[in-house]
1. As an exercise, find the ratio Rg/Rh for the range A:8-136 from alpha-carbon atoms, using the Kirkwood inverse-distance average for Rh.
2. Which GluC sites (Glu not before Pro) does the range B:72-175 hold that lie in a coil by DSSP with at most 15 other beta carbons within 10 Å?
3. How large is the translational diffusion coefficient of the protein assembly as shown in µm² per second when you combine the Kirkwood radius over alpha carbon pairs with Stokes-Einstein at 4 °C and 1.567 mPa s?
4. Could you give me the percent of Cα pairs per 5 Å distance bin for the range A:114-229, shortest bin first, beginning at zero and ending with the bin that holds the maximum distance?
5. Show the residues, 5+ positions off or on another chain, whose built amide H is closer than 5 Å to the amide H of A:Ile88.
6. Taking every Cα atom in the range B:176-306, find the radius of gyration and the maximum pairwise distance Dmax, and write them in Å.
7. How about the range B:68-117: which trypsin sites (Lys or Arg not before Pro) there are in a DSSP loop, with at most 14 other Cβ atoms within 10 Å of their Cβ?
8. Consider all pairwise Cα distances in chain A and report the whole-number % of them above 33 Å.
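Every number here is computed from the coordinates shown, using simple stated rules; none is lab data. Keep in mind that what you see is a predicted model, and the values were worked out from it rather than measured. Glycine gets a Cβ as well: all are built from the backbone with ideal geometry, and neighbour counts include every protein chain shown.
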Amino acid sequence: MVVAGPSKTGKHVFIRSELLVLTAEQDMLEVDGTIDGARQAQRFVKTTPVVGTIRAVLIDGRGGFTDPAQDACLKICEETPESSAVVIVVEDEGALRPALLSRLDLVRWHSISDVEMRHDTQLDDFVLLVARGRPGLCGALSSRLEEMKSLYSAACDVVAGKPDLSSVPRLILEWSKLDDDTKDAVLAVCVTAIRSGFGIRASMMSQFVQIVTSVPSANAEIYWWRSCVT
Amino acid sequence: MNTLILVNGDDDFLKERIALDEVAMSLAPEVRHFIFPRERDQYLEFIDIIPLSVAQRVVVVWDASDVPVIGDDGTTIIVSASGKTLNSDKAKRVVNVRKPKPYDDGAEYIKWILQEGERLNIDLTRVASALFLNCGTDLRKICSEIGKLRVLSGPEGVADPSMARRVMCFSAELSPKHVVDAICDGHPAKAIAFYDKLQERGCETGWIIAYMQRHVLQHIRSRLLLATGLSAEQVAASLGLHPTFFRSAIMPRLGLWDISSLRESFVILCDLDLMHKRGIDVSHWGLEPEIIRLSEEAKHNDARCGS
């Protein structure tokens, strides 16, 4: 099975918990989308369950799924023993090769509505606006709510062509020290600001998002200024 | 009565040289090897001993914080001051040395190098700038290079650049700041020379790009903030700089580039930075033209403002 859907919507957490209901922890293997992970999965599915009745493999392809790893997974899917279950989690099923995709059941995962988001907890309107049905962002957004709001306001000013030239939002200054969840939340805030405007300024801000996502060593402060002053 | 000579100054090399010159004036070359530098405590012990075989003796006291006790056995005492200026009525001579100042493109250093050439009877006119560029503000290193040139220049006593290039060792403390300063001064050749030197020493291209990015960004922000009507103090506070530094180091250079040129440069530097981080070598085809462009523009605008 392949589960595909937007990030921070709980695919991985849900599948993992469901697999643990089906089988024991000793009979479950979680690997990433690299060739090493795929080879490990290949060896694992060939073995007999220790506690339960099935062996489950959860392949996390959210951080990328390399071609050699997909080839190895294709081999697993072609020769899966009856006592094994393989689940691949990706953000976009288009990243999978057609040969592999045709051998898997596709489950599309969607973001949830604001009503569903509010179901369990009382969330700030700003968090709902930025999270857009992705519950995985709520924690990081709520924990630094004021800073996220001030970042949103600064990003909206940049997109509107009225940047504050005297300072940089604190979350951008601290970018290299932020954990992955907070970084995702910061990027979501910037994307929300981009949606509030259009034109060259919005495009400069989207370049900022793209650069800090794709070049980890880039200095976020410098590229923030780039979207402000050029 | 003993002879007291005081040497004050802010450069150890110059003080050392003056002290050794004084020794040379007082003692014949045959006995000079008996002298050795003394600390103040050693001096006090030494001065109590009556000289046995020599008529004249010299003691050099290094890094003295005060004037030592003077005896009357005819010893010449040369005192090199540590930090504060020493003075005494009993001193026969007080020599004050002063380290040249590095600003104004090292003009004082170049003058000092030329004087040093005159002292040693060697013409350093054509290599003085290169000497300063290569050795920086370390007078000991400059003197060591002059020593090499003196040997090579032969009976003509003229040091030429090709000879200097062969023997000179690059030892100046360099940082990307020197490249940026040369750009601001409108010296493309000097900026590129510094840049090449940094590259030769294995300096990270990313470091140089980052330094230039900061510099260009500082100028763009200063211009834009001043245009909004903020005072120099407020702009300095926004940039996180001391107002005095902003007034003396940033403001005089604000007119060197057009704002659109600075913006263009910032975009180029950001692109070069990304390419460098992605593993593409941008040092020659990317960064060099940008250094030349910025320095040429600074030179042009500086000349226009001057005229």
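1. Rg divided by Rh gives 1.04.
2. Passing both the DSSP loop test and the Cβ count: B:Glu173.
3. 43 µm²/s
4. 2, 12, 24, 24, 20, 11, 5, 2, 0
5. Sorted by chain and number, the residues that satisfy this are A:Val2, A:Val3, A:Ile59.
6. In order Rg, Dmax, the Cα atoms of the range B:176-306 give 14.8, 44 Å.
7. Counting only loop positions with at most 14 other Cβ atoms within 10 Å, the trypsin sites (Lys or Arg not before Pro) in the range B:68-117 are B:Lys84, B:Lys90, B:Arg98.
8. 31 percent
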